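In what follows, a structure is listed as structure tokens, so that the remarks can point back to it.
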Amino acid sequence: MPAVSKGDGMRGLAVFISDIRNCKSKEAEIKRINKELANIRSKFKGDKALDGYSKKKYVCKLLFIFLLGHDIDFGHMEAVNLLSSNRYTEKQIGYLFISVLVNSNSELIRLINNAIKNDLASRNPTFMGLALHCIANVGSREMAEAFAGEIPKILVAGDTMDSVKQSAALCLLRLYRTSPDLVPMGDWTSRVVHLLNDQHLGVVTAATSLITTLAQKNPEEFKTSVSLAVSRLSRIVTSASTDLQDYTYYFVPAPWLSVKLLRLLQCYPPPEDPAVRGRLTECLETILNKAQEPPKSKKVQHSNAKNAVLFEAISLIIHHDSEPNLLVRACNQLGQFLQHRETNLRYLALESMCTLASSEFSHEAVKTHIETVINALKTERDVSVRQRAVDLLYAMCDRSNAQQIVAEMLNYLETADYSIREEIVLKVAILAEKYAVDYTWYVDTILNLIRIAGDYVSEEVWYRVIQIVINRDDVQGYAAKTVFEALQAPACHENLVKVGGYILGEFGNLIAGDPRSSPLIQFNLLHSKFHLCSVPTRALLLSTYIKFVNLFPEIKTTIQDVLRSDSQLKNADVELQQRAVEYLRLSTIASTDILATVLEEMPPFPERESSILAKLKKKKGPGTVTDLEEIKKERSSDMNGSAEPASVNASAVSTPSPSADLLGLGAAPLTNSAPPPSSSGSLLVDVFSDSASAVAPLAPGSDDNFARFVCKNNGVLFENQLLQIGLKSEFRQNLGRMFIFYGNKTSTQFLNFTPTVICSDDLQPSLNLQTKPVDPTVDGGAQVQQVVNIECVSDFMEAPILNIQFRYGGTFQNLSVKLPITLNKFFQPTEMSSQDFFQRWKQLSNPKQEVQNIFKAKHPMDAEITKAKIIGFGSALLEEVDPNPANFVGAGIIHTKTTQIGCLLRLEPNLQAQMYRLTLRTSKEAVSQRLCELLSEQF
């Protein structure tokens, strides 16, 4: 930086700052500031011949006043004028003022852009640096539009100085993060990769940050960076700390650059070239070896830098998951950190070992540290470290240690922090089910779980134990005996009463032969809990009583007396009153055969994903649990039927999601099956009311409305006399968010209003949907909003179904519409030149990569409307690319969590014949087919 001359001290600014600091009150400060503002305003207006120093001083004062929290509404033009100065300090203050105060919508933006262009073209490295810093600090879309094409040229130019290259790389990174669609990929991308070989490590560091971000979105463009990154990393790792003096931090050579290079390599699979792969393995072994060496300094900065490189290297080893030796060594190294005195290191070690536990190569090595992890669970003071210990125990669990780990988790649960109890409950329930050698242990574990942490046992957990008991004949008698004994306790958690009521209602006859658990004793035991329970549990117990009428005819009169009592027939709660009336009537008029048919034992549940596992996935976030479970699937199999009980009362389900679909809507409907328990306590099919378990067929006009949303994100999806459904959605790369608005068009309340998003079995692996619950009551004329978070995991062909069920004026309403979540929503437009487009077009010439459709126009062939639809579809509309100007050409990339799929399209209209020819080329046949189907419907 140029030296500051003597006259640049700005004594007036120093005096003004001193006056402000010496003010005794807020009023005195405001008075002094107003006086100064008046003085500056008069100087700017009166004396037109202000020199650069004076302008700089007054602009500095304005900037200081703004930083104190006061509004500044003048002085912008003077700041812009400073940009044309040839003095560094004046230009610097001008850029500083603009970076802080000028709005991107300002009328001065054109003048500012011209000044920046002049400085970038000046080839003066100091001025270029100031201009690049200003662009990055403002970082607006307007700045990106003006300079995104210019900065890459500066970055790769041969005569650009190192300091400017650094600034240019970081400036381009900033623009790409704010406006990725405006940063064009081109020839410069191959040249920027070679900056990894630059002699100046500052340039390499900045370039690595840029390439890592770009490679995450465009891996193919930057795959040549792998060998260069390995080469550079090798030179750093093998160098002595004295070789890179300017970039050595407390005896660790270039730690920041090392971390960035290791992170860049995590964007790609292991190198295919044996030489590069061998060199990378040597680097990683060297890093692990250095971790074993005694520290060269006792200062914390040394250990922090050394460990930062080590943990990033371990992350790369885990990411590649291909070198057994390295994985085991990494595990052993992390094991040493588990007992380190530094809390952060223990936390990071536990977190990394959770991932290592999912690798078949290192799982056994992780298990050797089980005692240390259990000890951490008992002794750690930091709750976040204890939570990671729970995660690691869950990850390392298999058949050999399941009982030990579940027992330790149950012990810890009694004293666990309230914030993590629900998660521990879910994990204990999953492990107990997954690794149950015999199901008596499983039943004991879950009942113990309810006893210890009943308030944190969600519906999914007690639903699950009922499913497993119903699906396994060998455990039904034991379960009935165990819950009967558990209910003897004076104080039982309500969830235990629910489980006990359900199981005894189904299998109480299996223990009725014992005088200690005779039918009357079972009934009296359950009824003694009745008045202490909530309404949903009481409803479940009433259902148990009517089941007892079928199982134990000898206590029919006793049960009828209870149902006939005023406390039931005149109950203030409609649900309880209705059940009492209907069950009493059923027990009075129905013959024994009819009772046996209506109240028969529950059939086994169908095989589906465990709702507990689905809830844990939802709680921990997509991918966190799924990956571990998938990898472990080979080591252990789920021994149980995996279906959730369906719910009679749809409004009881809190947050419907495709993976935790308690209503059973995602599966094919079953014949001759009764719905299992819901939170409203239903135990059997309610033969006197509407069943909410069936999904209505698609509403009339649903397909037409769905097609209209292919090229737009907002609008009305469905409307009838009762209900209006509106959508507003936004998508970015493989993520999206949809706001669904439900409007009640009537003056009557909607009750039990339950919208559910349903994904078919084929769609579930490809699309993660998380829905937030809505109020079950929608007042007349009111509107409620539901948020759906969307993640595209892989390409998909179908669309989810939105099912809405509610009661209106006593009538049950059930309708379904297609939810417009289509593959093209995850398009990111890509600008291409004519040469690049047709070069890529030729590369995708495999017959399986192209899909073509010739079809008759359904709408007027208007060129502007066609353009709008192609842009709305998600691709970039490429002008002047096709030799025939009447044709439309587009390009984009479909972003999914697992891959990116490039897509080129060409639409050729024939006005005379009123027909179109649509051609799509992508790297995946199914994607081409689906996009062609969706787009063909639009014209």
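The values are calculated or read from the model by the stated rules, or taken from the named source; none is laboratory data. What you are looking at is a predicted structure, and each value in this text was computed from that prediction instead of being measured. In this analysis, Cβ positions are derived from the backbone assuming ideal geometry, glycine residues included, and neighbour counts consider all displayed protein chains. Surface accessibility is based on the protein's heavy atoms, side chains included, excluding ligands, DNA and RNA. Shrake-Rupley method; radii C 1.70, N 1.55, O 1.52, S 1.80 Å.
Among the residues of segment 582-609, those identified as among the β-branched types (Val, Ile, Thr) and either surrounded by 13 or more Cβ atoms within 10 Å (Cβ to Cβ) or closer than 28 Å to Gln467 by Cβ (or both) are Ile594, Thr597, Val598. The set of residues in segment 766-784 being loosely packed, with under 15 Cβ neighbours inside 10 Å and either under 20 Å from the mean Cα position of the chain (by Cα) or aliphatic (A, V, I, L, M) (or both) consists of Lys772, Pro773, Ala782. For segment 401-449, the candidate set comprises residues that are hydroxyl-bearing (Ser, Thr, Tyr) and within 15 Å of Arg464 (Cα to Cα); within that set, the residue that is farthest from the chain's Cα centre (by Cα) is Thr440. Could you list, in sequence order, the residues of segment 737-765 that are touching a Lys or Arg at 6+ places or on another chain (Cβ under 9 Å) and open to solvent by less than 10 Å² (accessible area, probe 1.4 Å)? Residues satisfying the conditions are Met738, Ile740, Phe750, Phe753. Hey, could you check segment 557-581 for residues that are part of a helix (DSSP H, G or I) and basic (Lys, Arg) and say which is most open to solvent (accessible area, probe 1.4 Å)? Ranking the candidates gives Arg564 first.
Per-residue answers, yes or no, for (1) within 30 Å of Ala38 (Cβ to Cβ); (2) in contact (Cβ under 8 Å) with a residue 24 or more places away in the chain; (3) in the same structural domain as Lys56 (by the TED database):
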{"position": "His76", "(1), (2), (3)": "yes, yes, yes"}
{"position": "Leu83", "(1), (2), (3)": "yes, yes, yes"}
{"position": "Ile93", "(1), (2), (3)": "yes, yes, yes"}
{"position": "Leu111", "(1), (2), (3)": "yes, yes, no"}
{"position": "Ala115", "(1), (2), (3)": "yes, yes, no"}
{"position": "Asp119", "(1), (2), (3)": "no, yes, no"}
{"position": "Leu130", "(1), (2), (3)": "no, yes, no"}
{"position": "Ala144", "(1), (2), (3)": "no, yes, no"}
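Among the residues of segment 512-529, which ones are at pLDDT 90 or above and either under 50 Å from the mean Cα position of the chain (by Cα) or polar (S, T, N, Q) (or both)? Correct list: Ser518, Gln522, Phe523, Asn524, Leu525, Leu526, His527, Ser528.
For segment 830-840, residues that are in contact with a Leu (Cβ under 8 Å, 6 or more places away or on another chain) and under 30 Å from Lys728 (Cβ atoms) total 1. When the residues of segment 798-824 are narrowed to those that are over 21 Å from Val784 (Cα atoms) and not in a helix (DSSP H, G or I), which ends up least open to solvent (accessible area, probe 1.4 Å)? Ranking the candidates gives Thr822 first.
Just for segment 515-556: of the residues that are among the hydrophobic types (A, V, I, L, M, F, W, C) and open to solvent by 20 Å² or more (accessible area, probe 1.4 Å), which one is farthest from Thr592 (Cα to Cα)? It comes out as Leu532. Looking only at residues in segment 692-736 that are in contact with a strand residue (DSSP E or B) (Cβ under 7 Å, 6 or more places away or on another chain) and on the phi > 0 side of the Ramachandran plot, the one that is surrounded by the fewest Cβ atoms within 10 Å (Cβ to Cβ) is Gly715.
Would you mind finding the one in Glu880, Glu864 that is out of contact with any Lys or Arg (no Cβ under 9 Å at 6 or more places or on another chain), of a type in the set (Asp, Glu), in contact (Cβ under 8 Å) with a residue 12 or more places away in the chain and more than 18 Å from Leu931 (Cβ to Cβ)? Matching residue, one of Glu880, Glu864: Glu880.
For Tyr53, the requirement of being part of a helix (DSSP H, G or I), crowded, with 19+ Cβ neighbours inside 10 Å and of a type in the set (Phe, Trp, Tyr) is not met. Just for segment 868-911: of the residues that are assigned to a helix (DSSP H, G or I) and among the aliphatic types (A, V, I, L, M), which one is farthest from Arg921 (Cα to Cα)? Step by step, filter segment 868-911, then rank; the result is Ala868. Taking segment 448-514 as the region of interest, the helices (runs of 4 or more DSSP H) fully inside it that hold 2 or more residues being out of contact with any Leu (no Cβ under 7 Å at 6 or more places or on another chain), crowded, with 24+ Cβ neighbours inside 10 Å and touching a residue at least 12 places away in the same chain (Cβ under 8 Å) are 459-471, 494-507. Taking Ile17 as the residue in question, decide whether it is under 23 Å from Tyr95 (Cα atoms), at pLDDT 90 or above and not in a loop (DSSP other than H, G, I, E, B). When the stated conditions are applied, Ile17 passes them.
Give the residues of segment 451-494 that are under 36 Å from the mean Cα position of the chain (by Cα) and closer than 24 Å to Ala512 by Cβ, sorted by residue number.
Listed by number, the residues that qualify are Trp462, Val465, Ile466, Gln467, Ile468, Val469, Ile470, Asn471.
Working only within segment 851-867, note down all residues that are open to solvent by 60 Å² or more (accessible area, probe 1.4 Å) and outside any loop (DSSP other than H, G, I, E, B). Residues satisfying the conditions are Gln852, Ile854, Lys856, Glu864, Ile865.
With respect to the conditions (1) of a type in the set (Gly, Ala, Ser); (2) part of a strand (DSSP E or B); (3) touching a Lys or Arg at 6+ places or on another chain (Cβ under 7 Å), Ser928 lacks only one, and its number is (2). With respect to Phe66, is the statement that it is more than 22 Å from Leu170 (Cα to Cα), surrounded by fewer than 17 Cβ atoms within 10 Å (Cβ to Cβ) and at pLDDT 90 or above true? When the stated conditions are applied, Phe66 passes them.
With the structure loaded, tell me whether Ile790 is open to solvent by less than 20 Å² (accessible area, probe 1.4 Å), out of contact with any helix residue (DSSP H, G or I) (no Cβ under 6 Å at 6 or more places or on another chain) and more than 22 Å from Gly874 (Cβ to Cβ) or whether it fails that test.
Considered against the rule, which asks whether it is open to solvent by less than 20 Å² (accessible area, probe 1.4 Å), out of contact with any helix residue (DSSP H, G or I) (no Cβ under 6 Å at 6 or more places or on another chain) and more than 22 Å from Gly874 (Cβ to Cβ), Ile790 comes out as no.
Given the criteria assigned by the TED database to the domain that holds Asn887 and in contact with a helix residue (DSSP H, G or I) (Cβ under 7 Å, 6 or more places away or on another chain), does Glu831 qualify? Against the criterion (assigned by the TED database to the domain that holds Asn887 and in contact with a helix residue (DSSP H, G or I) (Cβ under 7 Å, 6 or more places away or on another chain)), Glu831 does not qualify. Listed by first and then second residue, the pairs with beta-carbon distance under 6 Å, at least 6 apart or on different chains, first residue in segment 783-808 and basic (Lys, Arg), second open to solvent by 30 Å² or more (accessible area, probe 1.4 Å), are Arg807/Leu751; Arg807/Asn752. Restricted to segment 378-397, and to residues there that are surrounded by fewer than 24 Cβ atoms within 10 Å (Cβ to Cβ) and either more than 28 Å from the chain's Cα centre (by Cα) or of a type in the set (Val, Ile, Thr) (or both), the residue that is nearest to Arg329 (Cα to Cα) is Val385. Out of segment 892-935, which residues are touching a Pro at 6+ places or on another chain (Cβ under 7 Å) and over 17 Å from Lys842 (Cα atoms)? Of everything in segment 892-935, just one residue is touching a Pro at 6+ places or on another chain (Cβ under 7 Å) and over 17 Å from Lys842 (Cα atoms), namely Tyr916. Any residue at all in segment 874-885 that is closer than 28 Å to Gly715 by Cα, in contact with a Phe, Trp or Tyr (Cβ under 7 Å, 6 or more places away or on another chain) and β-branched (Val, Ile, Thr)? For segment 874-885, residues closer than 28 Å to Gly715 by Cα, in contact with a Phe, Trp or Tyr (Cβ under 7 Å, 6 or more places away or on another chain) and β-branched (Val, Ile, Thr): absent. Within segment 336-355, being surrounded by fewer than 18 Cβ atoms within 10 Å (Cβ to Cβ) and outside any helix (DSSP H, G or I) holds for Gln339, His340, Arg341, Glu342.
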